[in-house]
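Note sheet for the following structure.
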């Protein structure tokens, strides 16, 4: 699957909201993954390490563009 670059224009408050939302999402995914790992076998949550890593990477990529 080829990746395509997309440019999005946001004002500062929109950018801050997006980054904060992504950071919160990453934190929630990490907490849910920890909960899943602490539960007995058979307890399933549709959380994958890739989901967490991709969310964190996206957040960092977006944050770095303003610096």
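State all residues of region 1-33 that are exposed (fewer than 11 other Cβ atoms within 10 Å of the Cβ) and over 20 Å from residue 66 (Cβ atoms); if no residue qualifies, say none. If the condition is that a residue be exposed (fewer than 11 other Cβ atoms within 10 Å of the Cβ) and over 20 Å from residue 66 (Cβ atoms), then 1, 2, 3, 4 are the ones that fit. Condition check for residue 51 on (1) without any contact (Cβ under 8 Å) to a residue 24 or more places away in the chain; (2) more than 10 Å from the chain's Cα centre (by Cα): one failure, at (2).
Looking only at residues in region 34-58 that are surrounded by 13 or more Cβ atoms within 10 Å (Cβ to Cβ) and touching a helix residue (DSSP H, G or I) at 6+ places or on another chain (Cβ under 7 Å), the one that is modelled with the lowest pLDDT is 47.
The values are calculated or read from the model by the stated rules, or taken from the named source; none is laboratory data. Since the structure is predicted, the reported quantities are computational estimates derived from the model, not experimental observations. Note that each Cβ is placed from the backbone with ideal geometry, even for glycine, and that neighbours are counted across all protein chains shown.
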